[in-house]
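Let me begin by presenting the structure, written as structure tokens, before commenting on it.
The values are calculated or read from the model by the stated rules, or taken from the named source; none is laboratory data. This one's a predicted model, so the numbers in the text were calculated from it and none came from an experiment. Glycine gets a Cβ as well: all are built from the backbone with ideal geometry, and neighbour counts include every protein chain shown.
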Amino acid sequence: MQIKRLLVAAVLLPPFYLYVMKLPEVWFFALLLVLSLIAQWEFYAMYRIAGLMRASGIGLGAVFLTAFYFSGTLFPQVLMFSVMALASVRLFSRRNPLSSLHDISPSLLALLYVPGLLSFQLLLRHSGPQWIIFLFGCVWIADSFALYVGKSMGRRKLYAEVSPNKTIAGAVGSIVGGAFSGWLLNLAILHSMDAWTAALIGMVVGATTIVGDLVESMFKRDAGVKDSGTIFHGHGGVLDKVDGALFAGPVLYWVSVAAGLME
């Protein structure tokens, strides 16, 4: 499994780096939109949301992310419209009012959880493509540290009810890996802060990555599934691959704005 992870990284990371760094911003938006639609589909599949509710939710997710890209000020209006639209779809698609809140809630949550959180990566990309590399580099390196430290040193469980394989040692590894990657990536591509600030921000990203991973594990356990999808054979779905970055993206943006590194 570890060799397979390294091979996947060796194959995917160079084209991802070139795609983000060399192509115009609209190409990153297109990639994010595709990933968002697939991840949102997987979320609906986990919770068995089908038919018109699923189609409406995915369509609104595309509108949500597109509106945010072209005009961030439209966010409140699109969000409120989505609430109204999904409630109306449920009203007219099924006459039985029972379980209506149960039907609407995951449909609406998926909008906030997937395209809503991913939209912060558009803000990061707008400040420069190197911020996207910094984000995913910190997340992936922190995740790798968590895996290897957890497997070699992990004894005590971190949160067995949600994710039985995660350990406290692995969580520490994620934080250390985040600090190391923050320092390294700032030195290599970002050049926007001093070493201590970069390590501290990387540490925050590493810690947030753990929370993002646990939140998705919580949803999967609630839905009774092992993986969000099967698009990556043996590695789960798109949502499994971006769960840490879903939470880390907004936190990186907020911390960077607070530190005066971007507007």
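Is it the case that Ala110 is surrounded by 20 or more Cβ atoms within 10 Å (Cβ to Cβ) and either hydrophobic (A, V, I, L, M, F, W, C) or free of Cβ contacts under 8 Å to residues at least 24 places away in the same chain (or both)?
When the stated conditions are applied, Ala110 passes them.
Out of the residues in the range 64-90 that are surrounded by 17 or more Cβ atoms within 10 Å (Cβ to Cβ) and free of Cβ contacts under 8 Å to residues at least 24 places away in the same chain, state the one that is nearest to Leu101 (Cα to Cα).
Among them, the one singled out is Val78.
Might you check whether a residue that is touching a helix residue (DSSP H, G or I) at 6+ places or on another chain (Cβ under 9 Å), over 19 Å from Pro115 (Cα atoms) and not basic (Lys, Arg) occurs anywhere in the range 44-51?
Yes, the range 44-51 contains a residue that is touching a helix residue (DSSP H, G or I) at 6+ places or on another chain (Cβ under 9 Å), over 19 Å from Pro115 (Cα atoms) and not basic (Lys, Arg).
Would you confirm whether or not the range 195-205 contains a residue that is within 30 Å of Met46 (Cβ to Cβ) and either of a type outside the set (A, V, I, L, M) or in a helix (DSSP H, G or I) (or both)? Break it down stepwise before answering.
Pass one, the range 195-205, residues within 30 Å of Met46 (Cβ to Cβ): 204-205.
So of that shortlist, the ones also either of a type outside the set (A, V, I, L, M) or in a helix (DSSP H, G or I) (or both) come out as 204-205.
Taking every residue of the range 195-205 in turn, at least one turns out to be within 30 Å of Met46 (Cβ to Cβ) and either of a type outside the set (A, V, I, L, M) or in a helix (DSSP H, G or I) (or both).
Is it fair to say Arg48 is loosely packed, with under 15 Cβ neighbours inside 10 Å and of a type in the set (D, E, K, R)? Even if it seems obvious, please write down each step before you answer.
Details: loosely packed, with under 15 Cβ neighbours inside 10 Å: yes; of a type in the set (D, E, K, R): yes.
When the stated conditions are applied, Arg48 passes them.
For the range 54-108, name all the residues that are part of a helix (DSSP H, G or I) and polar (S, T, N, Q).
Narrowing the range 54-108 to residues part of a helix (DSSP H, G or I): 54-70, 72-93, 100-108.
The answer is Ser56, Thr66, Thr73, Gln77, Ser82, Ser88, Ser93, Ser100, Ser105, Ser107.
Tell me the residue from Val172, Val257 that is part of a helix (DSSP H, G or I), surrounded by 15 or more Cβ atoms within 10 Å (Cβ to Cβ) and not hydroxyl-bearing (Ser, Thr, Tyr), please.
On the way: Val257 fails: surrounded by 15 or more Cβ atoms within 10 Å (Cβ to Cβ).
Every option except Val172 fails the conditions.
If the requirement is being under 24 Å from Phe134 (Cβ atoms), at pLDDT 95 or above and out of contact with any Pro (no Cβ under 7 Å at 6 or more places or on another chain), which of these qualifies: Tyr113, Tyr17, Tyr69? Break it down stepwise before answering.
Working: Tyr17 fails: at pLDDT 95 or above; Tyr69 fails: at pLDDT 95 or above.
Selected residue: Tyr113, the only one of Tyr113, Tyr17, Tyr69 that is under 24 Å from Phe134 (Cβ atoms), at pLDDT 95 or above and out of contact with any Pro (no Cβ under 7 Å at 6 or more places or on another chain).
Would you be able to say whether some residue in the range 18-32 is touching a helix residue (DSSP H, G or I) at 6+ places or on another chain (Cβ under 7 Å) and more than 27 Å from Ser144 (Cβ to Cβ)?
Yes; the residues of the range 18-32 include at least one that is touching a helix residue (DSSP H, G or I) at 6+ places or on another chain (Cβ under 7 Å) and more than 27 Å from Ser144 (Cβ to Cβ).
If you check Leu252 against the conditions, is it at pLDDT 95 or above and crowded, with 18+ Cβ neighbours inside 10 Å?
Values: at pLDDT 95 or above: yes; crowded, with 18+ Cβ neighbours inside 10 Å: yes.
Here the answer is yes, as Leu252 does meet what is asked.
Can you tell me which of Phe68, Phe134 is over 25 Å from Ser217 (Cα atoms) and either under 19 Å from the mean Cα position of the chain (by Cα) or of a type in the set (Val, Ile, Thr) (or both)?
Values: Phe134 fails: over 25 Å from Ser217 (Cα atoms).
So the residue among Phe68, Phe134 that is over 25 Å from Ser217 (Cα atoms) and either under 19 Å from the mean Cα position of the chain (by Cα) or of a type in the set (Val, Ile, Thr) (or both) is Phe68.
Please enumerate the residues belonging to the range 140-165 that are of a type outside the set (Gly, Ala, Ser) and either touching an Asp or Glu at 6+ places or on another chain (Cβ under 9 Å) or modelled with pLDDT of 95 or more (or both).
Passing the criteria: only Asp143.
For the range 137-158, check the following and say yes or no: at least one residue is on the phi > 0 side of the Ramachandran plot and surrounded by fewer than 23 Cβ atoms within 10 Å (Cβ to Cβ). Before the answer, list the steps.
Step one: of the range 137-158, the residues on the phi > 0 side of the Ramachandran plot are none.
No, that holds for no residue.
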